[in-house]
Amino acid sequence: MSSQFLQFLISGITVGAIYALVGLGFSIVYNSSQVINFAQGEFVMLGGMATVFLIAAGAPMPLAVVLAVLLAVVIGFALGKFAIEPARGAPVVSIIIITIGASIFLRGAAMLVWDRNFHNMPAFSGSDPIDIGGAALLPQSIWVVGGMVIIVAALQLFFSHARIGKAMLATAFNPLAAQLVGISTRWMLLLSFALAAGIGAIAGILIAPITLTYAGVGIMLGLKGFSAAIVGGLGNPMGAVAGGLVVGIAEAMTAGYISSAYKDAVAFLIILAVLVIRPSGLFGRRQSDRV
Amino acid sequence: MKALLAPRTGGLLALAIVIALLPAVLPNNFYFNVVILVGLNAIVCIGLNLLIGYAGQISLGHAGFFGLGAYASALLTSSYGWPSLAALVVGAAAVGALAFLLARPILKLKGHYLAMGTLGMGVIISIVLNQEAGFTGGPDGMPVPAFAVLGWTAYGERTWYWIVGGTLLVTTWLALNLIESPVGRALRAIHGSEIAAEVIGVKTERFKTLVFVISAVLASVGGSMFAHYSGFITPSEAEFFHSIAFVTMVVLGGMASIFGSILGAAILTVLPQFLAVFHDYETLVLGAVMMGVMIFLPKGLLPSLAELLRRRRL
Amino acid sequence: MSALVVTGLSKNFGGLRAVSDLSFTVEEGQIFSIIGPNGAGKTTVFNLITGIYRPDDGRVWLHGGDIAGKPPSALAAQGLTRTFQNLQIFFNMTALENVMVGADRTAESGFASAMLRLPAVRRRDARACEQAIGLMQRVGLAAYLAADAASLPYGALKRLEIARALATRPKLLLLDEPAAGLNRSETKEIDALIRSIAEDGVTVILVEHDMRLVMGISDRILVLDRGARLAEGSAQEVGRNPDVVRAYLGTGFAGSADAA
């Protein structure tokens, strides 16, 4: 395996892991509310930016991380409660605008509270690259992929063993039936927003040492994470993970072998291809309307 | 039936009067500039409203068509020396053809998936415009020659005001005619229940395609006019955020309301001008406005207003 | 020539056999009813005939022409239309406009002439309006001529859908549970309406649960069970068929059918 190919693969998997986590957040929210939360990318931004500024304010790194994630979770909850819940039943276009408005709002707030500059975050365990077959592997990359694996495993356990997790799954499959057995779909919605926000924030913290963070980092990440969710099948959290890796690797390979200029277009071409050929994604359930 | 006509001719008349009298009250060129931008945005939004409000579809990528129209005009007139009007028409035709090709696969999608498909389309156009610097001058943009027809050149705010105002009036008239015709009813039927429309004989695929093409053509025309007016364009004309701005104008003003689109375009073009003073707060307030209006007035301003008046009368 | 011929119709959804190897013929001018318990596949059959679903197997002939794979709008142009069990009214329009959409079904995508408001378009509009008013009066909705569709009560909405379907001047009309949710007197009105439609020469295929309505009005009845044909015949024959009686009609009803 050429070292060049390996290099692209490594960077593809690294960034793909982030897309996977963002896509995961999309799927969790979509599952419980049929809403595509365009603000998902902003939670990634919040995670990174908040941590950076907390560290600058003197907090030790672990504390900064915890507080940053907490902040994102609270904001995610607030988004669900104050922006999405009141708009239940509104047409799809309106809800899309609400979440886009939320993402713009959060970005504006970040620029105001913090600043518009790029920021660095120290890597968790040093930044000396490890040599693997001629390719350079950053230790932070291991953190990123490892973080993704842990989160995915934790979520699997959560959905299959925790009562709340199972309740969330039930709500996703059949909201009416879930309500009838006493599950509060309202709370499931809020919970899913909080959960997705937390996951997004963690993703942002993991990747910040590799790519700089700034107030506008959320837009593209959000859109590409969305691509991951679509590839895997909207509403299939594990599919989003697979989708994220697919998009990340495709992007890295395109940048490496074809043209780095069109790297960003890859995720969107993938979106279009999937939507046209197989909208339900690789693993999604086929949808049909009852008439 | 007569009752149906009154709001239409009344509205058109009111619009014509406003356009005719506005120059008398605008203090200086800055205001003319803002009003011209309102007009151009309104033209795009009327087309987009036909697609979103009447036919019930979504597009998060219409700025792509706007950008393509702008660059078509810019390229054809500056690099190839074409006459401005020909460039505008050919650009619109090319964009229309592109929209026609895209419509087939994309309009099979519904709801969120359609939103995503159009978003992807718009972003790809934006990236291409950014990257093909050889043609487009890349992210730095390119200059555009002035609009010229048969030796006469359009210069300055006042001239452009009348050009845009006239175009807006004509576009509004055409759109209102369309809506109140059997075609307009068919579009609204598709929105109401696509399957029922299909079953009673409406060729839904054809109608959706045509309204998509018309809205793309209008966006292209708006883009071409903008290019000549502003004299300089950048790929940001086609960016995702611009598409969102258009959609927000439509939804804010009122879906399925032509005059609502004009109102929405006016508010969201003027607002950032005022907010520019609050430079740092601009993004924040815009986001808040978008959320607030959609949460509290999901039907948009004009329909909500109409509803209020109707209830008062009862 | 028969109005509708169906042979070997089958449709699967994943592992579920919704319709299996169904064949039947509907003659011109008949009132033909399809009955069976919920889940028997009745609405699926409608969806297959009207082009909403593609059959996995089998053929459908409308007035002798094979209609496989044709979209519903093409079938409407050939005189086939339907109403819906779960009401697909255009709630974003007025009641009158709902019917007008059916009347101007030949609204070719004349976008250009529509935008320019040519006199021909205005004339068509006025004609469609007249037709729609007439149809609404015919189905008993004269009181709602100026109303928004969203303001109509349920029973009126059922009749509005029928008016809309009639506006397309169908030769074959499929009614999916037109009496669902209606009380006795409303059902009697629907009964009379269907009879008058049939008298005008329209072939009617009915899916219904209201047995009194079905038995009274049908020239022929097809009984479905789990996607397959259980029995077919006149109301007398079906009413006396022991399988049908046992499964769906109950012994009490069989008694009253004999007495009728």
Among (1) crowded, with 21+ Cβ neighbours inside 10 Å; (2) assigned by TED's automatic domain parsing to the domain that holds residue C:26 - the single one residue C:139 does not satisfy:
(2)
Condition met for residue B:261 (among the small types (Gly, Ala, Ser), assigned to a helix (DSSP H, G or I), touching a residue at least 24 places away in the same chain (Cβ under 8 Å) and within 14 Å of chain C (Cβ to nearest Cβ))
no
Which numbered condition trips up residue B:59, out of (1) at pLDDT below 90; (2) more than 30 Å from residue C:96 (Cβ to Cβ); (3) not in a helix (DSSP H, G or I)?
(1)
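Within region C:1-23, which residues are touching an Asp or Glu at 6+ places or on another chain (Cβ under 8 Å), of a type outside the set (Ser, Thr, Tyr) and farther than 26 Å from residue C:202 by Cα?
C:11, C:12, C:21
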Filter region B:89-120 down to the residues that are over 20 Å from the mean Cα position of the chain (by Cα) and outside any helix (DSSP H, G or I) and list them by number.
B:108, B:109, B:110
If you take the residues in region B:131-145 that are modelled with pLDDT of 85 or more and exposed (fewer than 14 other Cβ atoms within 10 Å of the Cβ), which one is nearest to residue B:75 (Cα to Cα)?
B:143
Going by the structure shown, is residue B:155 modelled with pLDDT of 90 or more and more than 14 Å from every other protein chain (Cβ to nearest Cβ)?
no
Residue set B:16, B:92; condition hydrophobic (A, V, I, L, M, F, W, C), touching a residue at least 60 places away in the same chain (Cβ under 8 Å) and crowded, with 22+ Cβ neighbours inside 10 Å; output residue B:92
Write out, first by first residue and then by second, each pair whose Cβ atoms fall under 7 Å of each other, whose residues are 6+ apart or on separate chains, and whose first residue, in region A:238-261, is more than 30 Å from residue A:157 (Cα to Cα) and in contact (Cβ under 8 Å) with a residue 40 or more places away in the chain while the second is among the basic types (Lys, Arg) and in a helix (DSSP H, G or I).
A:251/A:263; A:255/A:263
Of everything in region C:104-159, what is facing chain B (nearest Cβ under 9 Å) and over 15 Å from residue B:180 (Cβ atoms)? Give them in sequence order.
C:105, C:106, C:108, C:109, C:149
Would you check which residues across region C:192-228 are surrounded by 17 or more Cβ atoms within 10 Å (Cβ to Cβ) and of a type in the set (D, E, K, R) and list them?
C:208, C:210, C:220, C:225
Any chance you could count how many residues in region B:96-130 are modelled with pLDDT of 90 or more, more than 25 Å from residue A:228 (Cβ to Cβ) and surrounded by fewer than 24 Cβ atoms within 10 Å (Cβ to Cβ)?
6
Number of the condition not met by residue A:5 [criteria: (1) surrounded by 20 or more Cβ atoms within 10 Å (Cβ to Cβ); (2) out of contact with any strand residue (DSSP E or B) (no Cβ under 7 Å at 6 or more places or on another chain); (3) in a helix (DSSP H, G or I)]
(1)
What strands (runs of 3 or more DSSP E) lie completely within region C:16-92 and have 2 or more residues being more than 14 Å from chain B (Cβ to nearest Cβ)?
C:16-26, C:31-35, C:57-62
Just the residues that are free of Cβ contacts under 8 Å to residues at least 12 places away in the same chain and assigned to a helix (DSSP H, G or I), please, taken from region A:176-206.
A:176, A:177, A:178, A:179, A:180, A:187
Could you say whether any residue in region C:166-183 is loosely packed, with under 14 Cβ neighbours inside 10 Å and within 14 Å of chain B (Cβ to nearest Cβ)?
no
Those residues of region C:50-89 that are more than 30 Å from residue C:153 (Cβ to Cβ) and either surrounded by 15 or more Cβ atoms within 10 Å (Cβ to Cβ) or under 17 Å from the mean Cα position of the chain (by Cα) (or both) come to a total of 17
Given (1) away from chain B (no Cβ under 14 Å); (2) more than 16 Å from the chain's Cα centre (by Cα), identify the lone condition not met by residue A:207.
(2)
Return a yes/no flag: does region B:299-314 have any residue that is under 24 Å from the mean Cα position of the chain (by Cα), farther than 17 Å from residue B:260 by Cα and modelled with pLDDT of 80 or more.
no
Can you find, within region A:81-105, the residue that is nearest to residue A:195 (Cα to Cα) among those that are facing chain B (nearest Cβ under 7 Å) and under 19 Å from the mean Cα position of the chain (by Cα)?
A:102
Residue check for residue B:100: more than 14 Å from chain A (Cβ to nearest Cβ) and under 30 Å from residue A:37 (Cα atoms)
yes
Could you list, in sequence order, the residues of region B:136-172 that are outside any helix (DSSP H, G or I) and under 25 Å from residue B:238 (Cβ atoms)?
B:137, B:141, B:142, B:143, B:144, B:145, B:146, B:147, B:148, B:154
Tell me yes or no: at least one residue of region B:74-88 is in contact with a Gly (Cβ under 6 Å, 6 or more places away or on another chain), in contact (Cβ under 8 Å) with a residue 40 or more places away in the chain, part of a helix (DSSP H, G or I) and buried (at least 24 other Cβ atoms within 10 Å of the Cβ).
no
Keeping to region B:268-283, report how many residues are modelled with pLDDT of 85 or more and within 14 Å of another protein chain (Cβ to nearest Cβ).
1
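The values are calculated or read from the model by the stated rules, or taken from the named source; none is laboratory data. Keep in mind it's a predicted model, so treat the numbers as computed, not measured. Using ideal geometry, Cβ is built from the backbone for each residue, glycine included, and neighbour counts are taken over all protein chains shown.
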